[in-house]
1. Any residue at all in the stretch 79-96 that's modelled with pLDDT of 80 or more, within 32 Å of the chain's Cα centre (by Cα) and open to solvent by 50 Å² or more (accessible area, probe 1.4 Å)?
2. May I ask you to list pairs of residues, at least six apart or on different chains, whose Cβ atoms are under 6 Å apart, with the first in the stretch 216-232 being farther than 14 Å from Thr191 by Cα and the second being at pLDDT below 90?
3. Kindly indicate which of Leu104, Leu55 is hydrophobic (A, V, I, L, M, F, W, C), modelled with pLDDT of 80 or more and in contact with an Asp or Glu (Cβ under 6 Å, 6 or more places away or on another chain).
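The values are calculated or read from the model by the stated rules, or taken from the named source; none is laboratory data. Remember, it's a predicted structure, so these values are computed and weren't measured experimentally. Ideal geometry is used to build each Cβ from the backbone, glycine not excepted, and the neighbour counts take in all protein chains shown. Accessible surface areas use protein heavy atoms only, side chains included; no ligands, DNA or RNA. Shrake-Rupley method; radii C 1.70, N 1.55, O 1.52, S 1.80 Å.
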Amino acid sequence: MKQFLLLVAGAFMLTLTGCKQGKPQSGLADMAQTDSLQRIIAQKDDEVNDMMATLNEIQEGFREINEAENRVSIVKDGEGANKSQQIRENIQFISQTMKRNRELIAKLRNQVSQSSMQGTQMQSTIENLVKQLDEKDQQLQQLRAELDAKDIHISELDETINNLNTNVNNLASESNSKSQTISAQDKQLNTAWYVFGTKKELKEQRILDDGKVLQANFNKSYFTKIDIRVDNTIKLYSKSAKVMTTHPSSSYTLTTDANKQYVLRITNPNLFWSTSKYLVILVK
């Protein structure tokens, strides 16, 4: 993606260079615009690199934890006078690495929140990382049960599990709170309102006032709320219909059904609602 954007910017600069002799003032302005584009590309590239570096650190931490768990499993089933010491050292390593991963996940979440590239994919990745921490908690609890069965009790393991319980719960709670906030914001962004009625009805609600639409203090409760991602067809139950609010004509169709009553079909929701989140239709 970076190479593609740089190629586009490069081609843009070559085009500007060709035009520079004929239009020096325009060329300077265009060069400034190109510099701005390159700065934006560089900023986004840095943000992606920073987030990927943090994500790679977290994944490496989980790999090291898995290796330490395997070492504990081998030692607990073997023989040797220093068995408890080896297990204790690996448990301490697991505890430190888990703590580091929790800090890195918090860092990644902060990077995403401050990034100019907002999206749900990285939020989903963070939630999956929190789930991996939860799975490690369960695996360590199982390990404690196996060690207890062999009369091998490691106090550091109890402390590690207690810390994991606290931190995983905190991370899960924070992640759930973030998800709910994002969901609420997403729902709000995809909410619109529509109304259809006769001229008399629209005037009574001050939706239509002196030939103008939505200019006065109109009655918002008279509108029907919809989700623009789902509700793309509106039956008007009338043989006469006119869209009063401004919406791109290429983003919808107004056709009649078998009963010769009009139906509004929104073919391009993003374009249709880009001008207004309120839709007013005059019927007879």
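1. Yes, that holds for at least one residue.
2. That search, which allows pairs on different chains as well, returns Ala216/Asp209.
3. Checking each option against the conditions leaves just Leu104.
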